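See below for the structure under consideration.
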Amino acid sequence: MAKKIIGVTRLQIPAGQAGDGPLVRRLLDRQGVNAASFCIAFDAATAAGVRGLIPVVITAYEDRSFSFVINKPANAPGHAAPHRPADAIELAQA
Amino acid sequence: MDTSRESAPSPAPVPWVVEASVAERVVLANGKAVGRDEFHGWLWEQAQGLLGVNEGTMTAVDAAARGLVASPLVIDAAAAPADRDWVAQIPVAAVEWWFADEAAARAAAALVANLCGCEVHRIRADESADHDATSRAAFGPIAVPEFGVVRPAWEDGVAEVAPDGRATIFIDPGLGFGTGLHETTQLCLAALSAWHRGGSRLGRILDFGSGSGILGIAAAVLGATRVDAVEIDHQVHPAISANASRNGVAERVVVTTDLPAESAPYDFVVANIVATVLVEHAAELCRRVRADRGCLVLSGLLADEVPRVADRYAAELGRTPLIRERGDWRCLVFVIA
């Protein structure tokens, strides 16, 4: 279903450790995105592989669902995760 | 009597934030010029206690104003494409580095002082209401007016209903939306409690958009015989089941991704989602409520969204809702009798 984009948020958070920390919750709440759902999905997507800070671009939609793309960490060229879109996570703020 | 629950919760540490501007390239102390991502990676390795980097948000309107997209009406058909990294295209980005404590923040600020391409503007504690809310959700029992208390899952005790009707339930606040803290959840719990105290039947319950499962679980603790918890995000299904088990109601809570194809009518239907989804499912949800004696509760609404949703449901049900409010949030209660 085509959806209108509200905006994008760029974060760098430790792989597998989004937890449900204040930074993520604070930023995503402003966008109407369910921070806990994002954290679960991000941690699952980054649980294996590269350590360290992971750049992630989160797109927030008008219906308060979201999707995100995980980028390759800049400081891990030798063993970087592929630059791949994470599975689109579409979830209304329930 | 277990007294450990009564002890004061430990306050969560307050994060500290370093606000800085970062150019597209930063020259490190050793003379090496690095890009912005690499700079953050370098800081991650050098600084202690870095929780994360907020590189900022760009709205579709801003992106259009900067010429990054043709129109602010950006429509996305599926997942976000990798090239929609609008924030990374800002020449000098305002960033926030979040640290575990003040010492870590100040040490990091000293580390980047005098680097060409990076300028620190401010070091501050994040004592926002959001953070307080997070801390309370993480550490403290939450008193919910009319309903009772929502306690963190790891505390001692069992879910129960006191003789005066006040309930105690246990929820893991880190799993799925619905910690009991948000106004929309509290409004639903209050409506559920009011229905129960009024002597109405809590037999079959539909919790549509279940999140952590808190609403369906609360209904089960109050005595519902069967709860269908519908949650589109299958990743939180184990969390709903875990929360149900913690409250001793696992055998009465059935977790699904979609509405059961056909089912007997529900005594109580609650949907704490968003206006768009509520309107989309109006006919379906109305059809599921018992026509002789049932209750339909809709939450997740801001005040200005009420007319659209109320009108749609009023047309289906032939009656107007009672509106509960808390802060900016509204909850519609349709009693069918």
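Please treat every number below as a calculation from the coordinates, not as lab data. Bear in mind that the values here come from a model prediction, so they are computed numbers and not experimental data. Note that we place each Cβ from the backbone using ideal geometry, even for glycine, and neighbour counts take in every protein chain shown.
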Rounded to a whole number, the mean other protein chain Cβ count within 10 angstrom for residues of A:61-70 is 4
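What does the charge count near residue B:219 come to, summing +1 for each Lys or Arg and -1 for each Asp or Glu among other residues with Cβ under 12 Å from its Cβ?
Charge balance in the 12 Å sphere: +1.
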Highest GNM mean-square fluctuation among B:160, B:45, B:19, for chain B with Cα springs under 10 Å, belongs to B:45
Nearest 10 degrees, 0 to 90: helix B:183-197 Cα axis against chain B principal axis | 10
Taking all pairs of distinct alpha-carbon atoms in the range B:254-311, Kirkwood radius in angstrom = 12.2
Taking a cut-off of 13 Å between Cα atoms, list the aspartates and glutamates near residue A:3, but don't count ones fewer than 8 places away on the same chain.
-> A:62, A:63, A:90, B:76
Give the peptides B:113-124, B:265-276 in descending order of average Cβ contacts within 10 Å, highest first.
-> B:265-276, B:113-124
Given unit charges at Cβ for Lys, Arg (+) and Asp, Glu (-), the dipole magnitude of chain B about its Cα centre in debye, nearest 20, is 820
So which trypsin sites (Lys or Arg not before Pro) in the range B:17-67 pass both tests, a DSSP loop state and at most 15 other Cβ atoms within 10 Å of the Cβ?
-> B:32, B:66
Can you pull the mean other chain C-beta count within 10 Å for peptide B:35-45?
-> 5
If you average 1/r over all unlike Cα pairs in the range B:163-281 and invert the result, what Kirkwood radius do you get in angstrom?
-> 14.1
Could you check which residue among B:144, B:69, B:289 shows the biggest mean-square fluctuation in a GNM of chain B with a 10 Å Cα cutoff?
-> B:69
What average number of partner chain Cβ atoms lie no more than 10 Å from the Cβ of the residues making up B:229-238?
-> 3
Between the range B:12-70 and the range B:212-235, the Cα center-to-center distance that results, in Å = 41
Sequence of B:322, B:28, A:27 once ranked by neighbouring C-beta atoms within 10 Å, starting from the fewest | B:322, B:28, A:27
